[in-house]
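To start, the structure itself, in structure tokens.
The values are calculated or read from the model by the stated rules, or taken from the named source; none is laboratory data. The structure displayed is predicted, hence computed values, not measured ones. Ideal geometry is used to build each Cβ from the backbone, glycine not excepted, and the neighbour counts take in all protein chains shown. Just the protein is used for accessible areas: all its heavy atoms, side chains included, with ligands, DNA and RNA removed. Shrake-Rupley method; radii C 1.70, N 1.55, O 1.52, S 1.80 Å.
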Amino acid sequence: MDELPVRVYGTQDDLAADAAQMVQIFLSECIAARGEAFAIMATGNSQIQFLEQLIKLGGVDWSKVTLFHMDEYLGIDANHKASFRRYMRERVASRIQPKAFHYLEGDADQPLTECTRYADLLQSQEIDLCCLGIGENGHIAFNDPHVAEFDDPWSVKLVSLDQKCREQQVNEGHFPSVEQMPRYAYTLTIPTLCAVRKMICISPEKRKAKAVHDALREAVSTSCPASYLRTQKQAVLLLDTDSAALL
């Protein structure tokens, strides 16, 4: 669709396996060429099988890879069960021992200073890879429709979360109710996500079908922030038959 290649797999397992192989090959090529690699990783239920497959596959010298993540709830403790730092620490960092994993400190005392700190870390080198997903409201990272900007002047910013995004987090089991989850979050902005050499967007499951349809079939617009991927030649979108059901 436009500049965006789209692959559709028969099962989520097939999608996760191919995504893992793509990441393994690309990171290994980066390390072979420059001796190191830098990558931004996503959290969320849609990434779990892919991350499992990637770690089991092996073949990446993780001691030469520096990792970042793309969002975190404002004010949340690093050990909270919904913390993206905890997700990454338990599912990724503790198992592969990367060269470094730079975390967004959701409970930093000075949130705006934390945005600047993390932006400086990201901008200190070219980022090779961004692995991401699509939210049920079409967001990428926490760039919900009402805060998404395709020409955002910021690299990292604080945003409010819309109702649909908050309901998704509850339905995925991260919070007991919408009222008990944070209203604000840190997010990497859309230009920051796209300023990488390769983007792999992993978006399986039937609950993503409407967002995928809007991203590919409606106009490129912040009403569905993921539609911007159609302008990115370095991106590829991976779907299963469930998330592609409305295409």
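Annotations for the structure displayed:
- Filtering the range 90-123 to residues that are in a helix (DSSP H, G or I), of a type outside the set (Lys, Arg) and within 16 Å of residue 185 (Cα to Cα) leaves 111, 112, 113, 114, 115, 116, 118, 119.
- Subset tally (residues that are in contact with a helix residue (DSSP H, G or I) (Cβ under 6 Å, 6 or more places away or on another chain) and either open to solvent by 20 Å² or more (accessible area, probe 1.4 Å) or of a type in the set (D, E, K, R) (or both)) for the range 199-220: 1
- In the set (1) in contact with a Gly (Cβ under 7 Å, 6 or more places away or on another chain); (2) in a helix (DSSP H, G or I), residue 87 fails one condition alone, (1).
- The set of residues in the range 149-192 that are touching a Phe, Trp or Tyr at 6+ places or on another chain (Cβ under 9 Å), among the hydrophobic types (A, V, I, L, M, F, W, C) and assigned to a helix (DSSP H, G or I) comprises 165, 190.
- Boolean, residue 16 is surrounded by 15 or more Cβ atoms within 10 Å (Cβ to Cβ), in contact (Cβ under 8 Å) with a residue 40 or more places away in the chain and not in a strand (DSSP E or B): yes
- Residue match in the range 213-226 (condition: of a type in the set (Gly, Ala, Ser), modelled with pLDDT of 95 or more and under 18 Å from residue 22 (Cβ atoms)): no
- When residues in the range 195-247 are screened for being closer than 16 Å to residue 42 by Cβ, free of Cβ contacts under 8 Å to residues at least 60 places away in the same chain and assigned to a helix (DSSP H, G or I), 0 of them pass.
- For first residues located in the range 170-193 and open to solvent by less than 30 Å² (accessible area, probe 1.4 Å), partners that are in a helix (DSSP H, G or I) and among the acidic types (Asp, Glu) and lie 6+ apart or on another chain with Cβ distances below 9 Å form the pairs 178/167; 186/114.
- Close Cβ contacts (under 8 Å, 6 or more residues apart or on different chains) running from residues in the range 90-116 that are modelled with pLDDT of 95 or more to residues that are open to solvent by 50 Å² or more (accessible area, probe 1.4 Å) and among the acidic types (Asp, Glu) comprise 99/36; 106/77; 107/77; 114/105.
- When the range 99-120 is filtered for residues that are closer than 23 Å to residue 59 by Cβ and surrounded by 18 or more Cβ atoms within 10 Å (Cβ to Cβ), only 101 remains.
- Residues that are part of a helix (DSSP H, G or I) and more than 20 Å from residue 238 (Cα to Cα) were ranked within the range 28-55; the one that is least open to solvent (accessible area, probe 1.4 Å) is 30.
- Scanning the range 115-169 for residues that are basic (Lys, Arg) and within 17 Å of the chain's Cα centre (by Cα) turns up 157, 166.
- Residue satisfying all of: in the range 46-72; touching a residue at least 60 places away in the same chain (Cβ under 8 Å) and touching a Lys or Arg at 6+ places or on another chain (Cβ under 9 Å); farthest from residue 27 (Cα to Cα) among these: 72
- The set of residues in the range 67-84 being crowded, with 19+ Cβ neighbours inside 10 Å and either part of a strand (DSSP E or B) or among the polar types (S, T, N, Q) (or both) consists of 67, 68, 69, 71, 72, 73, 83.
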